[in-house]
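Where a number appears in this text, it was derived from the coordinates with a stated rule and is not lab data. Please read all numbers here as calculations on a predicted model, not as lab measurements. Methodologically, a virtual Cβ is constructed for each residue, glycine included, from the backbone with ideal geometry; neighbour enumeration extends over all protein chains shown.
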Amino acid sequence: MPVMETAVIPTPLPIEQLAWVRPYVPEGWTPDDCAPVDHADGARSQLRVHPGLAQAWRRAALLMEHGLCRRVVIGVVDAGEKVGLQVVQVIWHD
């Protein structure tokens, strides 16, 4: 059974789960900015981060950068032009 922590912003829209991602927090980043994320297939995208998930996003990026977690899973909602982050899940071990 995985050991994890999860932060969620409820939404009535369908959430797509993306596993094995690498979140980043660039220098000077604020929740008003889009945040870069690398995907398992090598692609990079920019996500809007809900202000209620900003701390979870920062924490996940820091833990991943320093190898302190096994993986990060995110949940996103496609809201037209931009994709919005709704779930940040840090997996400590499977």
Quick one: 50, 93, fewest Cβ neighbours within 10 Å first, how do they rank? 93, 50
Whole-Hz Karplus couplings 3J(HN,Hα) for the stretch 47-54, θ = phi - 60° and coefficients 6.51, -1.76, 1.60, Gly and Pro as x, run 10, 6, 9, 4, x, x, 10, 4
Residue-ordered couplings for the stretch 3-8, obtained by feeding phi - 60° into the Karplus form 6.51 cos²θ - 1.76 cosθ + 1.60 and rounding to whole Hz (Gly and Pro as x), are 9, 8, 10, 9, 10, 9
Exposure proxy check on 53, 63: fewest-to-most Cβ neighbours within 10 Å is 63, 53
Taking the alpha-carbon centre of each part, the distance from the stretch 9-37 to the stretch 60-77 in Å is 11
Each label sits 7 Å from Cα toward the beta-carbon; between residue 32 and residue 44 the label points are separated, in nm, by 2.4
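In whole percent, what relative contact order does the chain give with Cα contacts below 8 Å and a gap of six or more residues? Spell out each step's value before the answer.
Numbers: 201 pairs, mean separation 35.8, N = 94.
Dividing the mean separation by the residue count of the chain yields 38 percent.
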Placing +1 at every Lys and Arg Cβ and -1 at every Asp and Glu Cβ, with all other atoms neutral, what dipole size does the stretch 10-94 have around its Cα centre, in debye to the nearest 20? 220
Filtering trypsin sites (Lys or Arg not before Pro) in the stretch 1-81 by DSSP loop and by at most 16 other Cβ atoms within 10 Å leaves 70
Go ahead and run the numbers for FRET between residue 8 and residue 92, Cβ-Cβ distance against an R0 of 25 Å, rounding to 0.05. 0.90
Global size of the stretch 3-93 as Cα Rg and Dmax, reported in angstrom: 12.0, 34
Got a sec to turn the phi values of the stretch 30-42 into Karplus ³J(HN,Hα) couplings, 6.51 cos²θ - 1.76 cosθ + 1.60 with θ = phi - 60°, whole Hz, x for Gly and Pro? 10, x, 6, 8, 6, 10, x, 9, 8, 9, 4, 7, x
At 222 nm, what helix-only mean residue ellipticity would the chain give, in deg cm²/dmol to the nearest 500, using -39500 (n - 2.57) for each DSSP H run of four or more? -4000 deg cm²/dmol
A correct fewest-to-most ranking of 41, 78 by other Cβ atoms within 10 Å would be 41, 78
